[in-house]
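K.L.:
Quick one: this structure, given as structure tokens, is what I'll be asking you about.
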Amino acid sequence: MNGKYTEIYPKSKQKHGDSSFSIVASDAGDMLYVAGSDMERFKGEIISDPDGTYKLCPLTVENSKVIREIFDFTRPKSHKGHAITIGLGDRLGLASAGHIRTVCGLDVFPVLAQQSIRELNLTGRTYDDVLAAAVWAVFREGYTKGYGADGDHLKSHDEVKYALGCGYSMITLDCSEHIRNDYAGAPLTEIEAKYNELPKDITSTLEERYLEKNFPVDNDVTVEFKKDDLMRIVLIYLPAIEHALSVYEQLIKGKDIDFEVSIDETLSTTTPQAHFFVANELLRLGVDVRSVAPRFVGEFQKGIDYRGDVSEFERDFIIHAKIAEKFGYKVSVHSGSDKFSIFPIVGKQTGGKYHLKTAGTNWLEAVRVIAEKEPQLYRELHTFALENLPEARKYYVITCDLSKIADLNSTPDSKLPEYLNQDDARQVLHITYGLILQEKNDDGTLRFRDRIYKALHKYESEYIKGLEKHIGKHLTELGI
Ligand code: ZN
């Protein structure tokens with residue numbers, strides 16, 4: 001070994017033509033080592049020593065794009081053909097190694113890069129950054145089984161174009177801005193009046209298609225539409241269907257992209273009729289939907305277990321899972337972090353074919369490492385999070401009882417990690433991540449961000465172990 005790097009990650013060694021590659025650890029952090037004619041394709045420092053000439057390259061977005069050109073396994077892929085797919089959002093860009101080690105021996109296709117525009121804004125990252133972090137983790141771990149990249153909760157054509165342009169393999173179209181939820185609770189007279197304003201050729205075709213018919217979903221479940229329900233569903237969902245169709249036809253069609261339609265970001269739960277109607281219309285119109293995210297009964301708050309009646313959830317979920325199965329796509333469960341009490345139901349009632357998204361819990365595991373290893377930094381984050389909760393609540397809806405969070409001043413260092421086992425504290429630490437990462441000192445420098453990254457680089461093996469344990473528990477409960 002020489003002075004330029006201290007360690008080679010053995011699983012990262014690759015060959016391409018006359019070139020050899022690996023990821024090495026150096027004082028400046030992990031670097032790409034390249035020797036051979038591919039060297040000239042990367043930006044980095046050429047080094048000549050008695051062992052030969054090679055280049056050490058920083059793990060930048062630019063270099064990651066060249067790695068993606070050379071090694072197919074580092075490119076995000078469609079998850080088609082994989083029954084269980086799991087979104088593993090990584091807001092810091094440090095969690096993928098832990099995620100890969102969690103799933104590598106299992107029949108699970110990981111979507112390692114998964115980020116919404118809201119998360120990009122809150123973390124100050126780009127889609128290129130998010131994907132590059134996954135690419136380097138995949139390369140370092142020598143993970144050749146394939147992974148996906150999800151442009152999550154995208155709302156507009158431009159957002160979809162942005163994610164596709166960066167090489168993302170999955171698009172989750174958030175239709176919430178086109179779902180007319182104001183009609184969900186409107187009186188029937190208003191529904192009738194509005195429905196009658198729609199073009200007659202559209203409504204009569206829909207009535208012919210849906211009224212006085214039984215749609216068997218399986219032996220036990222049949223979906224039927226009464227005129228009142230149909231009018232309401234058409235008013236609420238037709239604009240969303242039109243939006244999804246337009247995005248699909250202009251941007252997705254003809255490409256091997258996992259197109260997910262999300263109708264979950266609404267206040268009211270998705271009825272079986274509504275799910276059936278949306279799916280039936282989209283498939284009839286030729287949209288290759290790979291997954292649909294309905295809004296299930298109960299509360300899916302971020303980073304904590306499911307809140308609601310588990311048996312009621314199961315009854316509701318079975319129907320959605322069967323509708324998905326009938327149409328040949330996956331049911332997608334969003335806000336899937338830490339929903340331990342419903343995981344066995346998701347695993348069982350889908351027959352092991354589903355998509356589940358997690359994100360916040362991976363950030364919370366990072367905070368757990370900080371609580372264990374850097375108590376002073378944890379105390380500052382905790383205090384800041386509590387002070388800035390009202391601001392964070394503008395972006396995330398949570399119900400938490402601050403009086404249940406133990407007083408920080410009377411909590412010894414050894415007990416700090418226990419905050420990560422308490423729901424109310426978890427929620428506070430979860431939703432303030434964006435404010436924490438972007439907070440600046442008076443002189444313009446970042447107040448916490450660099451210290452968080454430094455700590456997590458230093459204690460990377462602890463973070464990896466924490467993720468293996470915690471995401472591993474998710475998978476165990478799902479029955480994987
Ligand atoms: Zn969602």
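The values are calculated or read from the model by the stated rules, or taken from the named source; none is laboratory data. Owing to the predicted nature of the structure, the values given are computational and were not obtained by experimental measurement. Quick reminder, even Gly has a Cβ in these numbers, built from the backbone with ideal geometry, and neighbours come from all protein chains shown. Ligands, DNA and RNA are excluded from the accessible area calculation, which covers all protein heavy atoms including side chains. Shrake-Rupley method; radii C 1.70, N 1.55, O 1.52, S 1.80 Å.
K.L.:
Measuring with a 1.4 Å probe in the full set of protein chains, what accessible area per residue, in whole Å², belongs to the range 7-58?
P.N.:
Working: 2830 Å² over 52 residues.
Counting only protein heavy atoms, the per-residue value for the range 7-58 is 54 Å².
K.L.:
Related question: Hey, which lysines would be in cross-link range of LYS357, C-alpha to C-alpha under 21 Å, not counting anything within fewer than 8 residues on its own chain?
P.N.:
Qualifying lysines at Cα under 21 Å: LYS77, LYS80, LYS145, LYS155, LYS302, LYS322, LYS330, LYS339, LYS348, LYS465, LYS469, LYS473.
K.L.:
Along Cα→Cβ, 7 Å out, is where each label goes; now give me the distance between the ones at LYS454 and ASP182 in nm to one decimal.
P.N.:
Result for the modelled spin labels: 5.1 nm.
K.L.:
What's the FRET efficiency of LEU402 with ARG307 using the Cβ-Cβ distance as r and R₀ = 25 Å, to the nearest 0.05?
P.N.:
The computed FRET efficiency comes out at 0.90.
K.L.:
Also, quick follow-up: If R₀ is 45 angstrom, what is the calculated FRET efficiency for the pair GLU249 and SER414, using the beta carbon separation as r and rounding to 0.05?
P.N.:
It comes to 0.15.
K.L.:
If you average over every viewing direction, what projected area does the convex hull of the Cα atoms of the chain give, in nm²?
P.N.:
25.5
K.L.:
With θ set to phi - 60°, apply the Karplus curve 6.51 cos²θ - 1.76 cosθ + 1.60 along the range 91-108 and write out the HN-Hα couplings as whole Hz, x wherever there is a Gly or Pro.
P.N.:
Here the 3J(HN,Hα) series is 5, 8, x, 10, 9, 5, 4, x, 5, 4, 5, 6, 9, 4, x, 10, 8, 9 Hz.
K.L.:
Please report the antiparallel percentage of the DSSP beta bridges confined to the chain, to the nearest 5.
P.N.:
Percent antiparallel among DSSP bridges in the chain is about 45.
K.L.:
Still on this structure, I have one more. Could you provide, to the nearest whole Å², the per residue accessible area of the range 365-472 with probe 1.4 Å?
P.N.:
50
K.L.:
Write down the accessible area per residue of the range 235-298 in Å², having rolled a 1.4 Å probe over the full set of protein chains.
P.N.:
Here the per-residue accessible area is 33 Å².
K.L.:
Between the range 106-138 and the range 34-98, how many Å separate their Cα centres?
P.N.:
14
K.L.:
Mind checking which of ALA97, VAL160, LEU112 is farthest towards the positive end of the range 67-174's charge dipole, using Cβ charges of +1 (Lys, Arg) and -1 (Asp, Glu) about the Cα centre?
P.N.:
ALA97
K.L.:
Work out from phi, with θ = phi - 60° and the Karplus expression 6.51 cos²θ - 1.76 cosθ + 1.60, the ³J(HN,Hα) of each residue of the range 363-370, listed in order in whole Hz, and give x for Gly and Pro.
P.N.:
In residue order, the calculated couplings are 5, 5, 5, 5, 5, 4, 4, 5 Hz.
K.L.:
Roughly how much of CYS166 is accessible, in Å² to the nearest 10, using a 1.4 Å probe?
P.N.:
Probe radius 1.4 Å; accessible area of CYS166 about 10 Å².
K.L.:
Another question, if that's okay. Let me check I've understood the local charge: for LYS322, count other residues with C-beta under 10 angstrom from its C-beta, Lys and Arg +1, Asp and Glu -1. What total comes out?
P.N.:
Overall, the nearby charge balance is -2.
K.L.:
In addition: How would GLU325, GLU468 rank on accessible area, largest to smallest, probe 1.4 Å? Provide the component values of the computation, followed by the final result.
P.N.:
On the way: GLU325 135, GLU468 70 Å².
I get GLU325, GLU468, largest accessible area first.
K.L.:
Counting only the heavy atoms of the protein chains, how much of ILE319 is accessible to a 1.4 Å probe, in Å² to the nearest 10?
P.N.:
Near enough 40 Å² of accessible area.
K.L.:
When a/c is below 1.5 the answer is rounded, else prolate if a/b is larger than b/c, else oblate, so apply that to the range 365-472 with a ≥ b ≥ c taken from the square roots of the Cα gyration tensor eigenvalues.
P.N.:
On the way: a/c = 1.41, a/b = 1.08, b/c = 1.31.
Note, shape of the range 365-472 comes out rounded.
K.L.:
Starting from 0.36 nm per residue, how many nanometres of slack lie between HIS157 and PHE327 once their C-alpha separation is accounted for?
P.N.:
Extra length from HIS157 to PHE327 when fully extended: 58.7 nm.
K.L.:
Classify the range 1-103 as rounded, prolate or oblate from the Cα gyration tensor: take a ≥ b ≥ c as the square roots of its eigenvalues, call it rounded if a/c is under 1.5, otherwise prolate when a/b beats b/c and oblate if not.
P.N.:
Prolate, since a/c reaches 1.5 and a/b exceeds b/c.
K.L.:
Convert each backbone phi in the range 448-463 into a coupling constant with the Karplus relation 6.51 cos²θ - 1.76 cosθ + 1.60 (shift: θ = phi - 60°), then list the ³J(HN,Hα) values in order as whole Hz, x for Gly and Pro.
P.N.:
10, 3, 5, 5, 5, 5, 4, 4, 6, 5, 5, 10, 4, 5, 5, 5
K.L.:
Evaluate E = 1/(1 + (r/R0)^6) for LYS213 and LYS353, where r is the Cβ-Cβ distance and R0 equals 25 Å; express this FRET efficiency to the nearest 0.05. Could the numbers behind the result be given before it?
P.N.:
Details: r = 27 Å, r/R0 = 1.08.
It comes out at approximately 0.40.
K.L.:
Please report the accessible area of LYS253 (heavy atoms, 1.4 Å probe, ligands and nucleic acids excluded) in Å², nearest 10.
P.N.:
It works out to around 120 Å².
K.L.:
May I ask you to give the percent of accessible area on the chain that is carbon plus sulfur, with a probe radius of 1.4 Å?
P.N.:
Values: 9950 of 20260 Å².
The computed percentage sits at 49.
K.L.:
Name the shape class, rounded, prolate or oblate, that the alpha-carbon gyration tensor gives for the range 13-168, where a ≥ b ≥ c are the square roots of its eigenvalues, rounded holds for a/c under 1.5, and otherwise prolate holds if a/b is larger than b/c and oblate otherwise.
P.N.:
Taking the square roots of the gyration eigenvalues as a ≥ b ≥ c, the range 13-168 is prolate.
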